[in-house]
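I have placed the structure first, in the form of structure tokens, so that the comments after it can refer back to it.
The values are calculated or read from the model by the stated rules, or taken from the named source; none is laboratory data. Computed from a predicted structure; not experimentally measured. Backbone-built Cβ (ideal geometry, glycine too); neighbour counts: all protein chains shown. We work out accessible area using only protein heavy atoms, side chains counted, and drop any ligands, DNA or RNA first. Shrake-Rupley method; radii C 1.70, N 1.55, O 1.52, S 1.80 Å.
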Amino acid sequence: MKTAQRILVTGSAGRIGRAAVVALVDRGHTVISFDVRPTPGVPAEQSIVGTLTDVAALRAAATGADAIIHLAATPDDTNYPRGTPPNDGDNFVSELVPNNIVGPYQVMEAARTLGVRRVILASTGQVIAGHLLAGNTPVTVESPPRPRYLYACTKVFLEALGQVYAKEHGLEVLAVRIGWCPRDAGQVAEIRGSDLFQDVFISPGDAGRFFAASVETDSLPPFAVLYATSRHTHALRYDLSESKRLLGWEPTETWPTGAEA
Ligand SMILES: NC(=O)c1ccc[n+]([C@@H]2O[C@H](COP(=O)([O-])OP(=O)(O)OC[C@H]3O[C@@H](n4cnc5c(N)ncnc54)[C@H](O)[C@@H]3O)[C@@H](O)[C@H]2O)c1
């Protein structure tokens, strides 16, 4: 097991980023945080406030890192499916392209040119949403993408990007199809009303332990897609067996643990 590493966490001030930072610090790793807003719980000298498209800032943050956990992104669509005017404008060009397409490219380029060997990429269950709607469950790591909306399309690109950098540049890359860790009270209420959403819920604690395991595991294949959720309440929707096999990680919590934390 790899201990006491230097880990760059992008999106470190966000819902999942904060959970990852807590788990990594608890386990003795040195976290370099990177976000457009300050990250709680990280010493000022290890905390970088910057944007993914500022290549110099990103390279400074990644220099000397053993691994990168890349979470920074615009985490959903806006106005999709399209509403009626004026609520018919999506956020593809304004947010998704710079943050979810150009940003990951810059992260992979920083890893390649600085010799960071392992990158963990935050994908989403929204890339296989079509299978969930069709009842083709549990989805597995072999399930081909059936993306929900435009945000999910950017995560299909993210997974493909990781696969290319693993194959062409020898990096170890994991693309993690994360379940649902609610960011606000409205999302908590949505999950409360749906068996499916409760089954794909991931608690901050399980998410933090997942990301710690992803950087601590000694050896990984060049590229893998994995799922991350807490334990299901009603039915198994995402097959977690590869996550257990590769990382030795198993969720220990169920909905609604930590949902409102
Ligand atoms: N929360 C979930 O349920 C969920 C589910 C599946 C996938 N994901 C993915 O996990 C990751 C984290 O999601 P989250 O829920 O914590 O979202 P969040 O919005 O709480 O956190 C994202 C963080 O990224 C930062 N960020 C955004 N663009 C940036 C940029 N260009 N440069 C630097 N920082 C930037 C934001 O300031 C924010 O702190 C995202 O990639 C998201 O797509 C989240």
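Of the chain, which part is the longest with no trypsin sites (Lys or Arg not before Pro) in a loop (DSSP not H, G, I, E, B) and with at most 14 other C-beta atoms within 10 angstrom? Please list the in-between numbers first.
Working: sites that count: LYS2, ARG82, ARG117, ARG183.
No qualifying site falls inside 3-81, the longest such stretch.
Starting from the 7 Å offset along Cα-to-Cβ, what nm value, one decimal, do you get for the label separation of THR51 and ALA189?
My value for the distance between the label points is 3.2 nm.
Given a 1.4 Å probe, how much area per residue of region 16-69 is accessible, in Å²? The partial results should precede the final answer.
On the way: 2470 Å² over 54 residues.
It amounts to 46 Å² per residue over region 16-69.
Mind checking the per residue accessible area of region 143-261 for me, 1.4 Å probe, whole number of Å²? Walk me through the numbers on the way to the answer.
Numbers: 4980 Å² over 119 residues.
Value for region 143-261: 42 Å² per residue.
Run lengths n ≥ 4 of DSSP H only: what is the helix-derived mean residue ellipticity at 222 nm for the chain, with -39500 (n - 2.57) per run over all residues, to the nearest 500?
Details: 9 runs with 92 residues, N = 261.
Helix-only estimate at 222 nm: -10500 deg cm²/dmol.
If the only charges are +1 at each Lys and Arg Cβ and -1 at each Asp and Glu Cβ, what is the size of the charge dipole of the chain around the Cα centre, to the nearest 20 debye?
Working: 23 positive and 27 negative charges, 65 e Å.
With Lys and Arg at +1 and Asp and Glu at -1, about 300 debye.
If R₀ is 45 angstrom, what is the calculated FRET efficiency for the pair VAL97 and THR3, using the beta carbon separation as r and rounding to 0.05?
0.75
Given H placed 1.01 Å from N in the peptide plane, which residues other than close sequence neighbours of PHE223 have an amide H under 5 Å from its amide H?
VAL173
Assuming R0 = 35 Å, what is the FRET efficiency of THR84 and GLU260, from their Cβ-Cβ distance, to the nearest 0.05? Write down the numbers at each step before the final one.
Numbers: r = 33 Å, r/R0 = 0.94.
Computed FRET efficiency for THR84 and GLU260: 0.60.
Which of GLU109, GLU216, GLU168 ends up with the largest GNM mean-square fluctuation for the chain, with Cα atoms connected below 10 Å?
Sorting by GNM fluctuation, first place goes to GLU168.
Between ALA160 and GLU242, what is the label-to-label distance in nm when each label sits 7 Å out along the Cα-to-Cβ direction?
Those two pseudo-labels are separated by 1.8 nm.
Rounded if a/c is under 1.5, else prolate if a/b is larger than b/c, else oblate: which is region 83-126, with a ≥ b ≥ c the root eigenvalues of its Cα gyration tensor? The partial results should precede the final answer.
Working: a/c = 8.25, a/b = 2.52, b/c = 3.27.
Judged from the Cα gyration tensor, region 83-126 comes out oblate (a/c at least 1.5, b/c at or above a/b).
If you roll a 1.4 Å probe over region 162-261 with all protein chains in place, what percent of the accessible area is carbon or sulfur?
On the way: 2050 of 4150 Å².
Carbon and sulfur atoms account for 49 percent of the accessible area of region 162-261.
Taking the Cα centre of region 124-261 as origin and charging only Cβ (+1 Lys, Arg; -1 Asp, Glu), how large is the dipole, in debye to the nearest 20?
On the way: 12 positive and 16 negative charges, 59 e Å.
Roughly 280 debye for region 124-261.
Convert 25 °C to kelvin, take the viscosity as 0.890 mPa s, use the Kirkwood radius over C-alpha pairs of the chain as Rh, and evaluate the Stokes-Einstein diffusion coefficient in µm²/s, rounded to a whole number. Mind dumping the intermediate values first?
Working: Rh = 18.3 Å.
Rounded, D is 134 µm²/s.
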